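Data block below; observations after.
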Amino acid sequence: MPPAGDVHLSGCARSCAAARHVETTLMAVAPGRYDLYGEAPEALACHLTIEQAACASPEPPCA
């Protein structure tokens, strides 16, 4: 994730609860697991813990 800026946390694939555009979205995909999204519609990393997302550790990679 970027070192600064806003992050949208969502449980919905549509992310319609975002009040405005943000560069980074974490989408909950399972209890304690998130997919990381940037500007592109494809996930940058999948099934991350919140700690992995905070460190921008894209492991395990998206399938």
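The values are calculated or read from the model by the stated rules, or taken from the named source; none is laboratory data. Fair warning: this is a prediction, and the values are worked out from it, not measured in the lab. As a convention, Cβ positions derive from the backbone with ideal geometry for all residues, glycine included, and neighbour counts pool all protein chains shown.
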Checklist outcome for this item: Within the stretch 28-44, the count of residues that are modelled with pLDDT under 90 and hydrophobic (A, V, I, L, M, F, W, C) comes to 3
Next on the checklist: I need every pair where a residue in the stretch 21-32 that is closer than 11 Å to Ala53 by Cα has its Cβ under 6 Å from the Cβ of a residue that is part of a strand (DSSP E or B) and among the β-branched types (Val, Ile, Thr), sequence separation at least 6 or different chains.
Outcome noted: Thr24/Val7
